Amino acid sequence: MNVESHWETVFTSKSPDAMSWYRPHLDISLDLIERRAPKRSASIIDVGAGESTLVDDLLVRGYQEITVLDVSKTAIETTKRRLGASAEKVRWIVGDVIQVSLPFQTFDIWHDRAVFHFLVEQSQRERYVQSVLNAVKPGGHVIVSTFGPEGPAKCSGLDVMRYDAEALHREFGKRFQIEDSSKELHRTPWGTDQQFVYCCSRVE
């Protein structure tokens, strides 16, 4: 399967608020980010951002160093149009997180809501973790959210992995010190519930 083509089809066929993962505001993510990065000069990357409003809310809160990455050019362009002139304050990257080259030890915060659970092959997950270790500063934080044990087994036509907090943290290894975990019961736009798990770790 061509990852880029798949997600281009998804984002060109549905409006942002018709995606299963849509929320008007990512309140849990925002809280985790603000607690770990109170300084507005912190460097933040939102991985697999899609058309999420997280970047909007980070800009409103005064964060100055924001990078948005997604494999879909359509999703990136949709978000840029929504932001208008504010899009110029953001660094945009179109690419697959397990293939793209990110700057070395640049980010204080790595945020991923609903990307990691699509990595069903062990080799994909290993490349993802290596990308995190390359891109995040020592002492920086990694916030990852996936489907929980009671979440769906498929999403957007793809198989997914499901994790509890312990299993998710175990994928990242000894250089990641877990600081916080929680569950969220996400209500989709069509009224069904999806269980998400959040883990926040510090990179040693």
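Brief remarks on what is shown
- Of all residues in the stretch 26-41 being out of contact with any Lys or Arg (no Cβ under 8 Å at 6 or more places or on another chain) and touching a residue at least 12 places away in the same chain (Cβ under 8 Å), the one that is nearest to residue 188 (Cα to Cα): 28
- Number of residues in the stretch 54-73 that are surrounded by fewer than 19 Cβ atoms within 10 Å (Cβ to Cβ) and either under 23 Å from residue 118 (Cα atoms) or of a type in the set (A, V, I, L, M) (or both): the value is 3.
- Residue identified as in a strand (DSSP E or B) and in contact with a helix residue (DSSP H, G or I) (Cβ under 7 Å, 6 or more places away or on another chain) among 78, 146: 146
- Of all residues in the stretch 1-18, those that are surrounded by 15 or more Cβ atoms within 10 Å (Cβ to Cβ) have Cβ atoms under 8 Å from Cβ atoms of residues that are in a helix (DSSP H, G or I), 6 or more apart or on another chain, in 7/75; 8/73; 8/74; 11/74; 11/75; 11/78; 16/78.
- Pair list, Cβ < 7 Å and 6+ apart or interchain, from the stretch 163-178 residues that are over 14 Å from residue 110 (Cβ atoms) and of a type in the set (D, E, K, R) to residues that are at pLDDT 95 or above and in a loop (DSSP other than H, G, I, E, B): 164/148; 164/149
- Within the stretch 183-204, if we keep just the residues that are farther than 17 Å from residue 172 by Cβ and among the hydroxyl-bearing types (Ser, Thr, Tyr), the residue that is surrounded by the most Cβ atoms within 10 Å (Cβ to Cβ) turns out to be 188.
- Taken over the stretch 164-182, the criterion of being of a type in the set (A, V, I, L, M) and either surrounded by fewer than 16 Cβ atoms within 10 Å (Cβ to Cβ) or touching a Lys or Arg at 6+ places or on another chain (Cβ under 6 Å) (or both) is satisfied by 167 alone.
- Qualifying positions in the stretch 94-124 - in contact with a helix residue (DSSP H, G or I) (Cβ under 8 Å, 6 or more places away or on another chain), free of Cβ contacts under 8 Å to residues at least 60 places away in the same chain and buried (at least 17 other Cβ atoms within 10 Å of the Cβ): 97, 98, 102, 116, 119
- Looking only at the stretch 83-132, and only at residues there that are among the hydroxyl-bearing types (Ser, Thr, Tyr) and assigned to a loop (DSSP other than H, G, I, E, B), the one that is farthest from residue 33 (Cα to Cα): 101
The values are calculated or read from the model by the stated rules, or taken from the named source; none is laboratory data. Note that this is a predicted model, so its numbers are computed, not measured. Neighbour counts run over all protein chains shown; Cβ positions are idealised from the backbone, glycine included.
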